[in-house]
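To start, the structure under review is shown below, and the notes come after it.
The values are calculated or read from the model by the stated rules, or taken from the named source; none is laboratory data. Computed from a predicted structure; not experimentally measured. Using ideal geometry, Cβ is built from the backbone for each residue, glycine included, and neighbour counts are taken over all protein chains shown. For the accessible areas, the whole protein counts, side chains as well, though only heavy atoms, and no ligand, DNA or RNA atoms are used. Shrake-Rupley method; radii C 1.70, N 1.55, O 1.52, S 1.80 Å.
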2 protein chains.
Amino acid sequence: MDPVGEKPIALYLEDLHVGQRFTSDSYHMDENRIKALAAEFDPQPFHLDEAVAKTSVFNGLSASGWHTAAVAMRLLVTGGLPLGNGIIGLGGELAWPRPTRPGDTLRWKARFRKYCRRVRNRTRVSSWYEAVH
Amino acid sequence: MDPVGEKPIALYLEDLHVGQRFTSDSYHMDENRIKALAAEFDPQPFHLDEAVAKTSVFNGLSASGWHTAAVAMRLLVTGGLPLGNGIIGLGGELAWPRPTRPGDTLRWKARFRKYCRRVRNRTRVSSWYEAVH
């Protein structure tokens, strides 16, 4: 992502400020990839079979939530959030409020919430991400 | 996972009780798969290149946290947590306290924490999972 209205650059701690927003590029959710990823990591019928998915709580085929999360990481890492030395997650809260469908185009919005604490020569920052379908 | 000391069966709501524990089968983290998944979803040097990873905070090659999370889902879905109608996550808290390495064998422990709330004809349950390396 570029800082809104600025050129993409590698960002370091001094470049970040609370409330700063980023928007990622977009990613197309391909049906075959949804099924292949689900077959490997989340082989449940509503991620694999349209007919069964129609009768499920999803009312249609949907991507595994872990696929959606992994795509978010890709979008952040490949320019979405250009942190100088990379992005390492320690953890956080995660929510899947609605399904990701084949053919969806995903984009992520991120916002820095706060600096957490400094551990040795690293500072932890808290940020918030939202997928836009 | 089997309920400890019992045969694997499909579990329904009435079979669950707070504090109930499950343990999954194990999964071997293959180095090539770690790199391939990282190349697709988390292409950062410490997931792709041993030499760079040695100089990183991980002090060696590590799997993307999303790979570890996806393996957890596989272990739950393929018998680890045999819920009758499948496992759908609405969200939760996630932490990666230490890296997953090539060659690691992962196993998951789960414990039901509480019933959350009943929405239409579905009941949400809260559970806790921990990877054991």
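Computed quantities for the displayed model
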{"item": "Among beta bridges that DSSP assigns inside the protein assembly as shown, antiparallel share in %, nearest 5", "result": "95 percent"}
{"item": "For chain B, calculated [θ]222 nm from helices alone, where every DSSP H run of n ≥ 4 adds -39500 (n - 2.57)", "result": "-6000 deg cm²/dmol"}
{"item": "Solvent-accessible area, 1.4 Å probe, carbon plus sulfur percent, for chain A", "result": "50 percent"}
{"item": "Cut-off 16 Å (backbone N to label point 7 Å along Cα→Cβ of B:Asp49), residues of the range A:48-87", "result": "A:78, A:84-87"}
{"item": "FRET efficiency for B:Val132 and A:Arg124, using Cβ-Cβ distance with R0 set to 35 Å, rounded to 0.05", "result": "0.85"}
{"item": "Positions from the range B:40-80 whose accessible area shrinks by 40 Å² or more when the full protein complex is built, not the chain alone, probe 1.4 Å", "result": "B:Glu40, B:Phe41, B:Pro43, B:Gln44, B:Val57, B:Trp66, B:Ala70, B:Met73, B:Arg74, B:Val77"}
{"item": "Lysine pairs with alpha-carbon atoms under 22 Å apart, the protein assembly as shown, spacing 8 or more or separate chains", "result": "5"}
{"item": "Chain A: relative contact order as a whole-number percent, Cα under 8 Å and 6+ apart", "result": "31 percent"}
{"item": "Average partner coverage of B:26-39, which counts Cβ from other chains inside 10 Å", "result": "1"}
{"item": "Size of the A/B contact, given as accessible area buried on both chains, probe 1.4 Å, in Å²", "result": "2800 Å²"}
{"item": "Per residue, the convex hull volume that the Cα atoms of chain B enclose (Å³)", "result": "113 Å³"}
{"item": "The range B:4-80: Rg to Rh, with Rh as the Kirkwood radius over Cα pairs", "result": "1.16"}
{"item": "Accessible area per residue, Å², chain B with all protein chains present, probe 1.4 Å", "result": "55 Å²"}
{"item": "Geometric extent, Cα atoms of the protein assembly as shown - Rg, Dmax (angstrom)", "result": "19.1, 59"}
{"item": "Average beta-carbon neighbours from other chains, 10 Å sphere, peptide B:90-102", "result": "3"}
{"item": "Lys/Arg +1, Asp/Glu -1 at C-beta; the protein assembly as shown dipole; positive extreme among A:Leu94, B:Ala72, B:Ala39", "result": "A:Leu94"}
